[in-house]
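K.L.:
Take this structure first; my questions come after.
We did not get these values from a lab; they are worked out from the coordinates using the rules stated. For clarity, every value in this text was computed on a predicted model and none was experimentally measured. Ideal geometry is used to build each Cβ from the backbone, glycine not excepted, and the neighbour counts take in all protein chains shown.
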C-alpha cells in the first residue's frame, strides 16, 4: 500500500497504530406495512396505535412474510453488487425484553437473503472498495420509555415488527472519514433505490460499530469492541476516535483489550462497557418453525434487476463522460438522487448553447448555500431547474455579468421568478456596446489622469482600480471582459 | 328425547335437517348432561347460556344447508375463541380473553355449530394424561380415577362421556390419538399443513396440528371436511385439493396395501397390545386389504428426537408469556425479577421442565449435538415413511403401548409418561396423517386403539380404511355413567 498523507493513524511515542472498523448498519426498509404483519410503519404516530395482534405476540398469532420487504432487500442487495441467495432462512433470536413481545426477534442468521457484495467510496486520495459481508432481513423491536414515570417503564410497540435490513461490512474501513463516506454512500444507494429513507434522526439508519486497533503494518486483527446503536455519522466518528485511542492506551500500558459490547455516551463523548463477552447473550438461534425457508427464483431476481434505477456509480461515470465533469463535481451531483435529477434538468433546459461547468458552479455554489441556510432539500428548492437554466444562459450569452447574476438570483427566490423578466424589469442588462463603454472609459481616464500616468510608469496594480471605477460608474452592468480589453487598449 | 346425547353427529345433523330436533333441544340436552358431569372436569370454561341463545337464534331462522346446522360443540381450550376465555390449561393465561377467533373454530361456526364451552387439556398441550392442567385432572368416563390421556384429555372425555357430540383437539406428538385410544373414540391427526394453526396457542409449531375427535369415523370425516382449509394467515398452511371427506367416504378398501412395521413391536409391549394388532391385521384382511411387512428403521429414534424438537420450539414459543402484555403477572422488584416470578408461578412443573430442556438443547455448544442432530434424524424418519409408501398405501400400528392408566400412576415418572407417545410421535415428525380407532378392550375392559397412518394429504384413504375396519370391529364403548349421581 502506498503511504498516504491522509492515512489515519494513532501515534504514541515510537508506535503507530492503524484502526480497523467494520459496521453493522440497521436500515429500516421503506414499506407501508411491517415485515410480518399488516400494521402501518408510519413514523410519529401515537404510541401503540400501529400494533397488530402479531406485533404484540398474542397467543396463536403467526407471522406472514411481507413480499414487498423481500423485494426491497433484494433490490438493496443488487445495489450493493451483492449475491442474492435463492434460499434464505428466518431464524429466531431468543432473548427477553419488555419491548420484545415474542421473546424472540425474527432475523436471519445462517442463511441471509443477500451474500457478499461491495461498495465503492470516493475518498480525496482516490477510490476505495469496502466489502459487504451480508445483508439480512429482521424485525425491529418496540421502544421502552424509561423517563415518563419514576416507577414504571412504558412500552411503545409501534416499531415492533418493522422491517430492518442489517448490512454487515467487512472490516475494511480504516478511519472515521471512511466510515462517514461509507454511511453516506450506503444511504445514497438506498435512497436511489427507494429502499430506505436513511433518515437518521428518525432512527431509520443506525449502526453498531466494531473497532479494533493494531500496530501499523500488522496483518493480524486486534481484539474488537462493538459500540452499539450509534445513530449519527458525527457520533460514529466521535465514538471511533475515542474507542481507538482507548484501545491504544491500553496496549501502550501493556494491558489487554477485552472483547465486549460498549455504549457511546454522546454527552460525555466516551464509550462505556455494556457487557463483556462472558456476559454475552446466548440467543439460541434456530430456524423459525412458523415460517418456511424463503425461496426466490432467478426470474424473480431478474425482474427486480430491471426495476433498478441508474445508481450513483453509474450516474457518476455517465456525468463524467457525457458532460465532461470532473470526478469531484460528478460526485457531488450524484451523491443525492434529487441533486442529479435537478442538475440534468438544468442541462436539458439550457438548450443547445450551454455552459455545463457554469451550471455546476451555480448549483454547487449559490444554490447549495441557499439550501443549506434554509435547511431545505433540493426537491424543495425555491428556484426551479428551469429558471436556474435561464439564469445560467443569461450569463453565458453575456446578457448579464456573473456579479449581476447574484443579484438576480436573490430576487428569483421570491416565488421562483423568471430571471429574464427580472433583468428586463430592473434594467440589469449588461452594457456590451463597445462604443458606449469606450466613452465611459475615456471619461474615467480623463478624471484620473494622475493614476493613468502612474500606471504607464509601471504601477500595474492600478489596472484593477480602473476596472472597479468602470463597474462602479456603470452600476455593475458593464461587460467586464470588454472593459478589460478597452482599458488595455486605452491605457 | 332423553337419548339425544347418545346420537352421533351424523344422526343429529339428519334429525335437525329433518326438523325432528331443534338446535335448542339438542343444545339443552348436551348442556344438561354436561352439568351433570362436573365430576369428569372436562370443561375449563362453560358458555351454556350464550350457547342456548345461539341455538334459539338458529332455530328462528335455521340454515339447513350448513354442514353442522345448530350443532352444539365444546372445543379444546387451546383454540382462541373471540370473547371467551382461552387458558391453554395454564395459570399464566388464566385471565386471558382473546379478541380473535382461531381459523379452525371459525370454520366450525361458519358451518352453523355453536360453542358449548372450552375443554380441559394438559398445560400448553404438554402431557399424556391431562394431569398437567392448572384446572385439575380430567376423569376418563370409562372408569373412575382413570386418566383420559392427553393432552386433549378434556376433549376425549367429553366425546366419550357424550358431553359434546364431537370436538376438536390438537396433536403435537399424539395428543388426539392417544386420548382417543384411552377413551374408546375416533381421533384424526391430519397432515401437517391441512388445518390452519392460526389462533391456536402454540406448543411446537412444526408439529402442532388440529384435528377432529368423534364417536365414529363418519363424524370424524365430516368435521375434518369443515376444519381443513387453506389459510394464508398461517405460512405453513398448504394449498392442496381437499376432499369432501364425508361424502367420499367408502368402506371399499379392496386391494389396498397396508404395511405392518416390524419396529413397532417394541420391547416390553403388553401381550394384549400385540393381540390387538394381530386382530387389526385380520380385520384389514377381512376388508380385502393386502398386508405387507415393512420396515421403518429409525423408529426407535423418534421419541428422543421428538423430545428435543418439541421442547426446543416450545421454549421459544412460550417466551411470550412474560407478564408484560397479557395473562398472569407476578409482582417483581424489577423487570428480571418480574419475569422470573411470573414464569415460576405461572407455569406448571411439566411446562417448566420442557422449557428447560428446550433452552438447553438450543444453547450454544449443545445446538449441534442435540437440535441439529434431531433435525437430521427427523429427516431420516420421514425418509423411512417415504420409502415404505413406495410399497404400501397405509400403515397399521397400535395407537398406544398400553391402555389408560390410573391418575397419579405415572405423574412423577416423566420418561414412562413420554413412552405413551412412542407410536404416535413418528407420525408428527414426518408430518403425516394418522387416525386412531377403537378396536378392542384389555382385560380390565379399557378400550384400546389402532392407528392407521397415511401418506401426506391422503386423509381420505385412511378415513376409508378406518371406516371399513370400524364396521368389522363393531366396537362398543362401555360407558356406565358412573359419575352421574
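K.L.:
Over every pair of different alpha-carbon atoms in the range B:299-380, take the mean of 1/r and invert it; report that Kirkwood radius in Å.
P.N.:
With all distinct Cα pairs of the range B:299-380 included, I get 13.8 Å.
K.L.:
Give the Cα extents of the range B:125-169 along the principal axes, in whole Å, largest first.
P.N.:
Extents along the principal axes: 25, 23, 15 Å.
K.L.:
For the peptides A:448-457, B:443-452, B:233-242, B:257-266, what is the packing order when you average, over each peptide's residues, the other Cβ atoms within 10 Å and list the highest mean first? Please report the intermediate quantities before stating the final value.
P.N.:
On the way: A:448-457: 13.2, B:443-452: 21.8, B:233-242: 16.1, B:257-266: 18.0.
Listed from highest to lowest mean packing, they are B:443-452, B:257-266, B:233-242, A:448-457.
K.L.:
Using a 10 Å cut-off around each Cβ of peptide A:280-287, what is the average number of partner chain Cβ atoms that fall inside? Before the final figure, lay out the partial values.
P.N.:
Details: counts 1, 1, 7, 3, 14, 3, 12, 4.
Mean shielding count: 6.
K.L.:
How far is helix A:176-193 tilted, in degrees, relative to the longest principal axis of the Cα atoms in chain A, given as a value from 0 to 90 rounded to the nearest 10?
P.N.:
90
K.L.:
Ok, one more. What number in nm² do you get for the range A:414-491 if you take the convex hull of its Cα atoms and divide its surface by four? Let's see the in-between values first.
P.N.:
Details: hull surface 23.7 nm².
Projected over every direction and averaged, the Cα hull of the range A:414-491 covers 5.9 nm².
K.L.:
Next question. Cα-based Rg (one decimal) and Dmax (whole number) for chain B, in Å?
P.N.:
Taking only Cα atoms of chain B, I get Rg and Dmax of 21.0, 69 Å.
K.L.:
Quick one: which of A:273-285, A:13-25 comes out on top by average Cβ neighbours within 10 Å, and what's the full order, highest first? Show your work: numbers first, answer last.
P.N.:
On the way: A:273-285: 13.7, A:13-25: 18.2.
Output ranking for A:273-285, A:13-25: A:13-25, A:273-285.
K.L.:
Hey, could you get me the Stokes-Einstein D for the range B:399-473, Kirkwood radius over alpha-carbon pairs, 37 °C and 0.692 mPa s, rounded to whole µm² s⁻¹?
P.N.:
For the chosen part, D equals 239 µm²/s.
K.L.:
Once label points are set 7 Å from the Cα along Cα→Cβ at both residue B:250 and residue A:259, what is their separation, rounded to one decimal in nm?
P.N.:
6.5
K.L.:
Also: For chain A, just list the percent of Cα-Cα distances falling in each 20 Å bin from zero outward, please.
P.N.:
Histogram of Cα-Cα distances, whole percents per bin: 19, 41, 27, 12, 2.
K.L.:
Could you compute the FRET efficiency for residue B:263 and residue B:83, with r as their C-beta to C-beta distance and R0 at 51 Å, rounded to 0.05? Could you put the intermediate results ahead of the total?
P.N.:
Numbers: r = 47 Å, r/R0 = 0.93.
In this case the efficiency is close to 0.60.
K.L.:
For the protein assembly as shown, what are Rg and Dmax over the alpha carbons, in angstrom?
P.N.:
Just the Cα atoms of the protein assembly as shown yield Rg and Dmax of 38.7, 138 Å.
K.L.:
Which angle from 0 to 90°, rounded to the nearest 10, does the C-alpha axis of helix A:67-79 make with the longest principal axis of chain A?
P.N.:
Result, in degrees: 60.
K.L.:
Explain nothing, just the number: relative contact order of chain B, from Cα pairs under 8 Å at least 6 residues apart, as a whole percent.
P.N.:
This gives 18 percent for chain B.
K.L.:
Rounded to the nearest 0.05, what FRET efficiency do residue A:472 and residue A:397 have when you use their Cβ-Cβ distance and R0 = 22 Å?
P.N.:
Step by step, r from the Cβ atoms, then E = 0.35.
K.L.:
Additional query: Considering every residue in A:48-60, what mean count of other chain Cβ atoms within 10 Å of its Cβ is obtained?
P.N.:
5
K.L.:
Quantify how strongly other chains surround peptide A:151-157 by giving the mean number of their Cβ atoms within 10 Å of each of its Cβ atoms.
P.N.:
The mean count of partner-chain Cβ atoms within 10 Å per residue comes to 1.
K.L.:
Can you tell me the mean projection area, over all orientations, of the convex hull of the range B:337-419's alpha carbons? Units nm², please. Please report the intermediate quantities before stating the final value.
P.N.:
On the way: hull surface 34.9 nm².
Computing the convex hull of the Cα atoms and averaging its projections yields 8.7 nm².
K.L.:
Compute and list, largest first, the equivalent-ellipsoid semi-axes of the range A:312-426 from the alpha carbon gyration tensor, each √(5λ) rounded to a whole angstrom.
P.N.:
23, 16, 11
K.L.:
At R0 = 51 Å, how high is the FRET efficiency between residue A:281 and residue B:290 if r is their beta carbon distance? Nearest 0.05 is fine.
P.N.:
0.35
K.L.:
Simple spin-label model, 7 Å along Cα-to-Cβ: residue A:154 to residue A:418 in nm?
P.N.:
5.5
K.L.:
Provide, as a two-decimal number, the C-alpha radius of gyration of the range B:351-485 over 2.2 N^0.38 Å, N being how many residues it has.
P.N.:
That works out to 1.31 for the range B:351-485.
K.L.:
I've got another one for you. Cα-Cα pairs above 23 Å in the range A:75-212: how many percent?
P.N.:
Everything past 23 Å amounts to 43 percent.
K.L.:
Helix A:312-323 versus the longest principal axis of chain A: what is the Cα-based angle in degrees, 0 to 90, to the nearest 10?
P.N.:
The answer is roughly 20 degrees.
K.L.:
Listed highest first by mean packing, meaning other Cβ atoms within 10 Å per residue, what order do B:319-330, A:160-171, B:168-179 come in?
P.N.:
Answer by packing, highest mean first, reads B:168-179, A:160-171, B:319-330.
K.L.:
Something else now. Looking at the range B:254-338, I'd like the Rg to Rh ratio, where Rg is from alpha-carbon atoms and Rh is Kirkwood's inverse mean 1/r.
P.N.:
Rg divided by Rh gives 1.33.
K.L.:
Just want to confirm a number: the relative contact order over the range B:335-455, from Cα pairs under 8 angstrom separated by 6+ residues, in percent.
P.N.:
This gives 25 percent for the range B:335-455.
K.L.:
Next question. Report, to two decimal places, the Cα Rg of the range B:6-52 normalised by 2.2 N^0.38 Å (N = number of residues).
P.N.:
On the way: Rg = 11.9 Å, N = 47, 2.2 N^0.38 = 9.5 Å.
Here the answer is 1.26, to two decimals.
K.L.:
Take the alpha carbon atoms of the range B:179-258, find their center, do the same for the range B:319-336, and report the distance between the two centers in whole angstrom.
P.N.:
36
K.L.:
What translational diffusion coefficient, in µm²/s and rounded to a whole number, does the Stokes-Einstein relation yield for the range B:172-232 at 20 °C and a viscosity of 1.002 mPa s, taking the hydrodynamic radius as the Kirkwood radius over Cα pairs?
P.N.:
179
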